[in-house]
Amino acid sequence: MATYELKTPFDPEEIAKLRIGDLVYVSGKAFTCRSRLHRWVFDENHPSPKAAMERDLLIHVGPIVLRHPDSYELVSFMPTSSIRFEKWGAKSVENWGLKMIIGKTTMGDDTMAMMKKLGCVHVSPQGVSPNLWASQIQITDVELFDELGTIEATWHMDLDKLGPFVVDMDTQGNNLFDAVDKVVAENKAKAYAKLGLEDFEYTKLY
């Protein structure tokens, strides 16, 4: 496991070096996206927001932001589960030229194939509440606020060594969660054998 400090726009060679389990800290420009923006662009055929076409770091997050007359105040920042957006994952990587996605959990096979083809990774927050990182995030602008609402709008962010994030999908087609699931299954089988159990069902409450 290695630790990297990366800055956008990303160097493709640096992204290609990343392997599952590596830790990364990220600086530079990013944009946010949730399900409504995906539908807006890929299902309803609206133009992509400017940030999506200019920035190669996407964060799956609906931040809570206060808009002041001449500034923005970040109140809460908590990345959401990326697997929710699998329907549009491959399209977003390809159409927006993404090199990194920040989110929780993982994504599916279609997104993985496109990430491997075009050199993109997925990373997840590691072990801390991302709300502690507010001082490392500056909100600089917003797009589609009126059309999509505050949570689903495209927020422009400048990051200052944000992290740590753990690489859970790399450009080689490896998935950290698949590897962990395999180890869990092996350990589970050993534990069952030691305890003389075949299997069990969860308690039914209804």
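Quick note: the coordinates plus some simple rules give every number you see, no bench work behind them. Keep in mind that this is a model prediction, so the values were computed, not measured. With ideal geometry, Cβ positions are generated from the backbone for all residues, glycine too; neighbour counts draw on all protein chains shown.
A few notes on this one:
- Shape of the range 3-176, Cα gyration tensor, a/c cut at 1.5: oblate
- Sites Gln172 and Glu86, calculated FRET efficiency, Cβ-Cβ separation with R0 25 Å, nearest 0.05: 0.80
- Charges were assigned to the Cβ only: +1 to each Lys and Arg, -1 to each Asp and Glu. The resulting dipole of the chain about its Cα centre is roughly 380 debye.
- Model label points for Thr140 and Ala113, set 7 angstrom from Cα along the Cα-to-Cβ axis, are 3.6 nm apart.
- Point-charge dipole on Cβ atoms (K/R +1, D/E -1) for the range 118-200, about Cα centre, debye to 20: 680 debye
- Relative packing of peptides 165-176, 182-193 - highest average C-beta neighbours within 10 Å first: 165-176, 182-193
- Once C-alpha pairs closer than 8 Å and six or more residues apart are averaged by separation and normalised to the residue number of the range 86-206, the relative contact order reads 23 percent.
- Packing here is the average count of other Cβ atoms within 10 Å per residue, and on that basis the peptides 68-77, 28-37, highest first, run 28-37, 68-77.
- Approximate spin-label separation Glu94-Arg67, in nm, with each point projected 7 Å along Cα-to-Cβ: 3.4 nm
- Percent of beta bridges antiparallel (DSSP, the chain, rounded to nearest 5): 60 percent
- The gain in end-to-end length when the Met53 to Ala185 segment is fully stretched comes to 43.4 nm, 0.36 nm per residue minus the alpha carbon separation.
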